[in-house]
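S.K.: Here it is, the structure, as structure tokens.
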Amino acid sequence: MGLFLLSLLPFLFFTLFKLKKAIHMLQQNYYDESQRYFLWIWKNPKKVWLELDIFFPVLALLSFTKGYLPAIGFAIFYILLAADAHTKRLQEQVKKPLVITSRVKRLMVTTFLFYLLIILPMCIWYHSEYQVIYYLILAGVTYLGYFVIKLVNHINYPIEKWVYHYYKKKALKKLKRMNIPVIGITGSYGKTSSKNIVNDILSAKYNTFVTPKNYNTPYGLILSINNYLDKFEDYFIAEMGAFKRGEIATTCKLMKPTYGILTVIGEAHLESFGSRKNIQKGKFELIESLPPNGFGILNGDDPYQRNYQVRNTCQLYWMGIENKDVDVYATNISLSREGSHFDVFFKDERKSYPFFTKLLGKHNIYNILSGLLLGYKLGMQIFDMQRAVSHIRPIEHRLELKKVGNLNIIDDAYNSNPVGAKSALEVLSMMPGEKFVVTPGMIELGDKQYEENKLFGKKIASSSDYAILIGKEQTAPIYDGLLEAKFDTDKIFILNDVKDAFPLIQRLKREEAYVLLENDLPDLFNE
């Protein structure tokens, strides 16, 4: 019995490593919302099924003997596995570490109780002749650790539902008491950039509250309201994300927005939405949730917005660049590495006004136009908005130009998409000196993923001197696009870790270098 208990120590140590990793993946997959965690398991059989602990049942069956051998073999096997897991953890570059939230703590407690229910009967009714069976059961449960965490998450669902409704009720009371108009922002791309730009523009006249980081789910919004919202705010700017139809409508029932901005309708999360039509309908749930005294701001250059029949009587305003039959549009656009100069025509004023922003990329001008149109309709003076636009701060990891040592970095690492990637390459092409692209490609584009990444590869060929691809399997379509564009294969490099790109660039560069970091996939996409 004593030896059995001692042999469990390295097993439990290894189990902690494995379950922590599984909880990390669960958290990055939004706690299996819309079956995202299950889909991750399905798409990553090597990570889930080909762990080293798969060999224990074979070893146990081969040593199906009595005495000390099974216990000693079990202990040595898991000592080696735990040492290997510890070494990998030290070498692993985690981009977004596991956050020990209250929900994670509840998961850990339930997981502990789950294992206790398995181990305790073995200890109470221990028989040495059954110890190999005990070991096989324990090894099998831990081998299926990713599924154990899915089960535990399901067990905790009633608790999480109660916690959600408790804090939701608290947030609704606070919103009702404060009576602050809500500005909802959604779209396939550019939600966070638009949110921050709108906040910077409106802040020239009003006290605004903007949802922190990427808190764009009902959970995140409830947390923002309960923990951060202040009673002195004039407007609440809320980013709203979704993975399927109905989720924006659910968020709108919570937030009750008065005003709405729709950035652009693209193919982000095409896999979970099912079709571009569903994406279109899902994003317009914001506009169709607005009250009659509210208004929505739409993109006149986006055919998926122009061609949609809005089922709402609220006022709609349009902005654009190519389409001039709108309420606000930009002309005379001049892009450079210092920023963007452009004129904005206001239909109500029948006049154009000059603007400058330090932000890079044409797509940011669309976000600025939305903010200008909103600010104008909310009573802001144009000269105040001109000043506000000139002071808009570059947004972290979104076409952020910075100097790192002797390299010029164009950091566009956050959540790449076809529109943003094209704009980023346009910015890179304007820069002097040698040009490098470092990318793992684009994700969550459903059936379009290969096609869009291949096209991305072709565009890299015409914009960059070197292509550094992160992950051989993930970037195969980009590689195909580079080859089709007859890009020099001696200037294509495939790495497994983005941190290895910078020493490589230092060896390759011969003059001033500009490096575009396009996308930085979460840990769950590491090959």
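S.K.: Would you confirm whether or not the range 468-478 contains a residue that is over 17 Å from PRO418 (Cα atoms) and among the hydroxyl-bearing types (Ser, Thr, Tyr)?
M.R.: No, there is no match, as no residue in the range 468-478 is over 17 Å from PRO418 (Cα atoms) and among the hydroxyl-bearing types (Ser, Thr, Tyr).
S.K.: Six or more apart or on different chains, Cβ atoms under 7 Å: show the pairs whose first residue is in the range 376-396 and free of Cβ contacts under 8 Å to residues at least 40 places away in the same chain and whose second is exposed (fewer than 13 other Cβ atoms within 10 Å of the Cβ).
M.R.: none
S.K.: Out of (1) of a type in the set (S, T, N, Q); (2) assigned to a helix (DSSP H, G or I); (3) in contact (Cβ under 8 Å) with a residue 40 or more places away in the chain, the odd one out for SER188 is which?
M.R.: (2)
S.K.: Residue by residue through the range 272-283, note down the ones that are within 21 Å of PRO218 (Cα to Cα) and either in a loop (DSSP other than H, G, I, E, B) or under 21 Å from the mean Cα position of the chain (by Cα) (or both). Quick ask: steps written out before the conclusion?
M.R.: So in the range 272-283, the residues within 21 Å of PRO218 (Cα to Cα) come out as 272-273, 278-283.
SER272, PHE273, ASN278, ILE279, GLN280, GLY282, LYS283 - these are the residues of the range 272-283 that are within 21 Å of PRO218 (Cα to Cα) and either in a loop (DSSP other than H, G, I, E, B) or under 21 Å from the mean Cα position of the chain (by Cα) (or both).
S.K.: If you don't mind, there's one more thing I want to ask. Just name the residue that is nearest to GLU396 (Cα to Cα) out of those in the range 195-231 that are among the polar types (S, T, N, Q) and within 16 Å of the chain's Cα centre (by Cα).
M.R.: ASN214
S.K.: Moving on to the next point. Tell me which residues, restricted to the range 191-216, are touching a helix residue (DSSP H, G or I) at 6+ places or on another chain (Cβ under 7 Å), of a type outside the set (Gly, Ala, Ser) and in contact (Cβ under 8 Å) with a residue 40 or more places away in the chain.
M.R.: Selection gives ILE197, VAL198, ASP200, ILE201, LEU202, LYS205.
S.K.: Are any of the residues in the range 136-151 more than 19 Å from the chain's Cα centre (by Cα), in the same structural domain as PHE355 (by TED's automatic domain parsing), more than 30 Å from GLN305 (Cα to Cα) and in contact (Cβ under 8 Å) with a residue 12 or more places away in the chain?
M.R.: So far as the range 136-151 goes, no, none of its residues is more than 19 Å from the chain's Cα centre (by Cα), in the same structural domain as PHE355 (by TED's automatic domain parsing), more than 30 Å from GLN305 (Cα to Cα) and in contact (Cβ under 8 Å) with a residue 12 or more places away in the chain.
The values are calculated or read from the model by the stated rules, or taken from the named source; none is laboratory data. Everything numeric here is computed off the predicted structure, so don't read it as measured data. Heads up, the Cβs are rebuilt from the backbone with ideal geometry, glycines too, and the neighbour counts pull from every protein chain shown.
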